[in-house]
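Encoded as structure tokens, the structure appears first; notes follow it.
The values are calculated or read from the model by the stated rules, or taken from the named source; none is laboratory data. Note that the structure is predicted; figures quoted are calculated from it, not measured. Don't worry about glycine lacking a Cβ; one is built from the backbone with ideal geometry, like all the others, and counts go over all protein chains shown. With ligands, DNA and RNA removed, areas are computed over all heavy atoms of the protein, side chains included. Shrake-Rupley method; radii C 1.70, N 1.55, O 1.52, S 1.80 Å.
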Amino acid sequence: AVATKADYITVLIGANDLCAASAAAMASTADFARHIDAALGALDEGLPQSRVFLGSIPALYQLWSALHTDPKARRAWQAAGTCRSMLDPGSTEAQRGQVVARQQAFNRILAQTCARYATCRWDGGAISGYRFSAADISTLDYFHPGVRGQAELADLAWRAFEP
């Protein structure tokens, strides 16, 4: 972004840090905070006139809740090893709770770090708070938003970013 002199940057980060082989293998809050601060600092220093939109992490538990009874979704998650810390059928409710707690911590880190940079605008938790349904998820991988979900998230992001 700095090399191309971007004037608007959207940053959506954190789900992959939560989606590990297990809840115990997720990125630590210290590592996450350090990397977010370095990235936003580089953008702020290299592009002081830019606008950075930082989105909260979508609710992974909501994804599991919406689709865990769908056999096609379960097969797709298992075949691809998608977000095993949350979606693996062997994960317990306590392990999923660890993912939720870490996600909440990561979202707090995103908000606090963004607040330190004049170029950064936080979504106020809009994306994380969105309660999507199975119809909002792509049937290609049962993990990423489909067309309807993308439209909903884009609308949320736009409303959160508008001055």
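Listed values, structure above:
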{"read-out": "Total residues in region 18-43, condition in a helix (DSSP H, G or I), out of contact with any Cys (no Cβ under 7 Å at 6 or more places or on another chain) and either of a type in the set (A, V, I, L, M) or modelled with pLDDT under 95 (or both)", "value": "11"}
{"read-out": "Close pairs (9 angstrom Cβ cut-off, 6 or more residues apart or separate chains): aromatic (Phe, Trp, Tyr) in region 124-153, assigned to a loop (DSSP other than H, G, I, E, B) and open to solvent by 40 Å² or more (accessible area, probe 1.4 Å) anywhere", "value": "130/58; 132/58; 142/70"}
{"read-out": "Residue, nearest to residue 121 (Cα to Cα), within region 38-51, restricted to residues that are touching a Phe, Trp or Tyr at 6+ places or on another chain (Cβ under 9 Å) and open to solvent by 30 Å² or more (accessible area, probe 1.4 Å)", "value": "51"}
{"read-out": "Matching residues in region 1-50 - criterion: being under 19 Å from the mean Cα position of the chain (by Cα), within 24 Å of residue 159 (Cβ to Cβ) and of a type in the set (S, T, N, Q)", "value": "10"}
{"read-out": "Residue within region 93-101 that is at pLDDT 95 or above, of a type in the set (D, E, K, R), closer than 29 Å to residue 33 by Cα and buried (at least 17 other Cβ atoms within 10 Å of the Cβ) present", "value": "yes"}
{"read-out": "Number of positions in region 53-81 that are surrounded by 19 or more Cβ atoms within 10 Å (Cβ to Cβ) and among the β-branched types (Val, Ile, Thr)", "value": "1"}
